[in-house]
Structures are given as structure tokens and as C-alpha cells.
1. Residues being outside any strand (DSSP E or B) and either without any contact (Cβ under 8 Å) to a residue 12 or more places away in the chain or closer than 27 Å to residue 174 by Cα (or both): count how many of those fall in region 66-87.
2. Buried (at least 23 other Cβ atoms within 10 Å of the Cβ), in contact with a strand residue (DSSP E or B) (Cβ under 8 Å, 6 or more places away or on another chain) and within 25 Å of residue 78 (Cα to Cα): is that true of residue 294 in this structure?
3. Taking the conditions exactly as written (touching a Lys or Arg at 6+ places or on another chain (Cβ under 9 Å) and either modelled with pLDDT of 95 or more or open to solvent by less than 40 Å² (accessible area, probe 1.4 Å) (or both)), does residue 224 satisfy them or not?
4. Among the numbered criteria (1) touching a helix residue (DSSP H, G or I) at 6+ places or on another chain (Cβ under 7 Å); (2) in contact (Cβ under 8 Å) with a residue 24 or more places away in the chain; (3) open to solvent by 30 Å² or more (accessible area, probe 1.4 Å), which one does residue 107 miss?
5. Given the criteria out of contact with any Lys or Arg (no Cβ under 8 Å at 6 or more places or on another chain), within 21 Å of residue 181 (Cβ to Cβ), of a type outside the set (Phe, Trp, Tyr) and open to solvent by 30 Å² or more (accessible area, probe 1.4 Å), does residue 100 qualify?
6. So which strands (runs of 3 or more DSSP E) are wholly in region 258-322 and hold at least 1 residues that are among the hydroxyl-bearing types (Ser, Thr, Tyr)?
7. Sort through 101, 178 and tell me the only one that's in a loop (DSSP other than H, G, I, E, B) and either in contact (Cβ under 8 Å) with a residue 60 or more places away in the chain or farther than 22 Å from residue 298 by Cβ (or both).
8. Determine whether region 47-65 contains at least one residue that is within 30 Å of residue 156 (Cα to Cα) and part of a strand (DSSP E or B).
Amino acid sequence: MIAAGLLVLPTATGLVLPTAARRRAAPQCMAASLEPGDKVAVIGASGNVGKLVTLRLSDSFKVTGISRNPSRVRDFLPADKVELCQADLDDPAALESALSGAAACVICTGTTAFPTQAWSKSGEEGVRTAVIKALFEGDEALEEGLNPLDLLKSRWQAMLRKLDGQGYNTPRNVDEKGTLTILKAWEAAAGEQRKRLIMLSSIGVQRRTQMPFPVLNACGVLDAKAAGEEAIRADAAAAGYSYTIVRPGQLFGGPYDNNYYLGTLFQLDKDTETQGVKMERGDTLLGDTLRSTLAEVTAQLMESGAALDLDFVVVNEKGEPPSVEGLRQTLASL
């Protein structure tokens, strides 16, 4: 059901995006800057990146960590600095309550590119049986005359649609539909208080037809992220808040059980030789990204107000981590 007073805009995949009907598209330079004490909500706060983002942002802001299982990080995050809320992407009411008054959001949600237990409704169960069952439930009438390759493609796409419809944590349900749910809940919960949104996306979204990314996109993870990005851009333009889309490479580093650091999260990966940070606007680089680097870059974005209304890629390379000043200069130059 679409709430009264909302205008719906079509997205590339046919889903609809809520925007305040009374607002016109506002120039992004008009978006207000974050201030110390503003509420920042981190969605996906119990993930390996989300918990670091939540921890780091609590140095500067009033932080609410939103997770479907907050108990996983209750001992990791300081109770006196972080409020934890339970909410899932399929529970708009719980999301709206958790996002109440949030001036900024960081979307750290995501799922695996291929079927794993992360696709299960609990995130802890296997999905092999469901995948195999769906693959063997073909429509013989529609498949008659297909060659083996086309038959495989048809069964594969049908399997994904079935898992989507059954509510599994597929890329479409998490990265596309989930992002739209977040945007709707945030609008209802914070309205004109919204200032800034950061989405952690992926390299390859804008290159998903170029090798090797079609392999990664076999289950539609890059298509789903692209749809989520499109929804954010449209919503930000209509509502007048600023956005940044961050594109990490394949994530590595951790697990992170130690929550003690001085200054930056770079210290949490002391043993790695690849703590140099390379960033470029758009979707241009190849490489891997330390989770601690991604979290520190995200925090610096929120604190500095840099890289507004754009997307960029961040990967690690051999070398020492940058200084705070050097990192902020690079972000400002994007």
C-alpha cells in the first residue's frame, strides 16, 4: 500500500520509490551538514563491516545500530555510546521506529553473490535443498524445444524468482527491495531531518557486462545493487539530502574481536602489508578491500562531509595506511 501524499517514481526494474509529493528536486548543495550529536543510523550493524562502522562513528555522533540480531554485537559495541535496535528489511514498522530522527544513514546490508546460508531467512541455515528443488521444478511446456544451454538459463532464472518470492535473502530482496524499504522507512521516520546517506555497494556495478563481472552477477547481485543505487539517487534528488556510494572490492581482513583503537581503524589490521588506500571516482579499479579500511573511509566521509553526491571505488594496495589528513585530502579531491 502506498501512503497518502507520496509520489512514486519508476525504477529500472519496475519497483516504485517514495518521495514527498510536496517537495521538488532540491539542489544537493542545499543539504545541511552533519553536526556532533546528530543521530546516525547504521543498518546492518552486526556484520563484519557494519560493526566497525558503528563503533567508529560513535566517536563523533549519536549512533543507532540496526540489526536483525543485535545480540551478536552487544558485547563488541559500547553500550554507553551505541543504541542497538532489532529490525529486519522485511519489517518496515520496526525499521521506521529504529530510524526515528536519524539525520544520516549508512547502509551496510548485503548478501552473498551466490546461494549460501546467508540467503536463508535466519542467515544461519543452508539453502542447498531449496536451490536444488527450485532447479528441478521447471515448466515443461515453456521449456519444450530449448537447447541445453537455454534450458539451464531458464531453470536458473526460474530458481532465482522462486527464492525471491519465498522471501529468501537473495540479492534482489536485500540489495534492491531492501534498499527501497529503508528509503521509505527513513522518509516516514525522519522526514526533513534527513541530511546524508552512505551506501556500501560494490565494484563492478557499472561494469557488470564486462569480464569478469558477468560471473559475479550470475545471481543478479550487481543488477540488484545497481537498482538500489538508482533508487538512492532519485530519492536524494527529490528530498534534498546528500548521498555517497562507496564501491569496495572483494572484502578481506578480520575477524575483528578487539574494539580498542587509537585514532583510526587502520590499527586493527596491523599485520597486513597492504594498507595503502587507492580511491577513484566512478567504477574503475580492480582489487580487494580491507574491512577496516572500508569502515574508516565511511566514518571519514560522514565526519568530513566530503565526496557528496557521487560514487567512488576504494581498494587496498601495498604500503602503509594514510594519515587522517592524507585520507581526507583524497576524499575531498574526488
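The values are calculated or read from the model by the stated rules, or taken from the named source; none is laboratory data. Just so it is clear, the model here is predicted, and its values are computed rather than measured. As a convention, Cβ positions derive from the backbone with ideal geometry for all residues, glycine included, and neighbour counts pool all protein chains shown. We work out accessible area using only protein heavy atoms, side chains counted, and drop any ligands, DNA or RNA first. Shrake-Rupley method; radii C 1.70, N 1.55, O 1.52, S 1.80 Å.
1. The total comes to 13.
2. Yes: the conditions hold for residue 294.
3. Yes; evaluated as a whole, the condition is true for this residue.
4. All conditions pass for residue 107, except number (3).
5. Criteria met by residue 100.
6. The qualifying strands (runs of 3 or more DSSP E) are 288-290.
7. That would be 101, the only listed residue that is in a loop (DSSP other than H, G, I, E, B) and either in contact (Cβ under 8 Å) with a residue 60 or more places away in the chain or farther than 22 Å from residue 298 by Cβ (or both).
8. Checked against the condition, which is being within 30 Å of residue 156 (Cα to Cα) and part of a strand (DSSP E or B), region 47-65 yields no hits at all.
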